[in-house]
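S.K.: Attaching a single structure in structure tokens format; questions to follow.
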Amino acid sequence: MASPLERATISIMNERLRKLAFRANHRGMKELDLIIGRFADAHLSELTSEELDQFERILEVPDPQMYAWIMGTEDVPAEQDNALFARIRQIRLIPADYSQSG
């Protein structure tokens, strides 16, 4: 059974993940909602605390700039050019499953 401190820590982490997932899926630019949102939905719960901090910083980047970085039309600045951002960029290369069942 988890201690009160452990339960509080889990609750705080769940709230952080929920807020990050919402922000990732509601950026304002549909293309980024799909790319960043897909990444968040698939990988947010497995990120380390440091990676979650990096993800929060990535979410602060304005949409046009973020889109240019992801599409490769602008260079990613050194402070954002990390393994996490590389993983996000890979999401755009994976086709979404648009199949309909039934």
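Read-outs throughout are calculated quantities, based only on the coordinates presented, and are distinct from any laboratory measurement. Everything quoted here is computed from the prediction, not taken from an experiment. No Cβ is skipped: glycine too gets one built from the backbone with ideal geometry, and neighbour counts run over all protein chains shown.
S.K.: Do the sum for the chain: with -39,500 (n - 2.57) for every DSSP H run of n ≥ 4, divided by all residues, what is the mean residue ellipticity at 222 nm, to the nearest 500 deg cm²/dmol?
M.R.: Here the helix-only value at 222 nm equals -20000 deg cm²/dmol.
S.K.: Please give the net charge around ARG92, taking every other residue with its beta carbon less than 10 angstrom from that of ARG92, where Lys and Arg add +1 and Asp and Glu add -1.
M.R.: +1
S.K.: Considering the Cα positions of region 4-91, please state its Rg to one decimal place and its Dmax as a whole number of Å.
M.R.: Rg, Dmax (Cα atoms, Å): 13.4, 49.
S.K.: If you don't mind, there's one more thing I want to ask. Can you work out the Karplus-derived ³J(HN,Hα) for every residue in region 20-37? Use 6.51 cos²θ - 1.76 cosθ + 1.60 with θ = phi - 60°, whole Hz, and x for glycine or proline.
M.R.: 5, 4, 4, 4, 5, 8, 9, 7, x, 10, 3, 4, 6, 4, 5, 6, 5, x
S.K.: Which Cα, out of PHE22, ALA83, GLY72, lies furthest along the positive dipole direction of region 4-91 (beta carbon charges, K/R +1, D/E -1)?
M.R.: Working it through, the farthest residue towards the positive pole turns out to be PHE22.
S.K.: Tell me, what ³J(HN,Hα) does each residue in region 73-86 have, in order and in whole Hz, if you take phi through Karplus 6.51 cos²θ - 1.76 cosθ + 1.60 with θ = phi - 60° and put x for Gly and Pro?
M.R.: Coupling constants for region 73-86: 8, 9, 6, 7, x, 3, 5, 10, 7, 9, 4, 5, 5, 4 Hz.
S.K.: HN-Hα J couplings of region 50-60 from phi, Karplus 6.51/-1.76/1.60, θ = phi - 60°, integer Hz, Gly and Pro as x?
M.R.: Calculated HN-Hα couplings, in order: 5, 5, 5, 4, 4, 4, 4, 5, 4, 5, 7 Hz.
S.K.: Charges only on Cβ, +1 for Lys and Arg, -1 for Asp and Glu: so what's the dipole of the chain about the Cα centre, in debye to the nearest 20?
M.R.: Around 360 debye, computed over the chain.
S.K.: Moving to a separate point now. Compute the relative contact order of region 4-91 as a whole-number percentage, counting only Cα pairs closer than 8 Å that sit 6 or more residues apart in sequence.
M.R.: Answer for region 4-91 is 27 percent.
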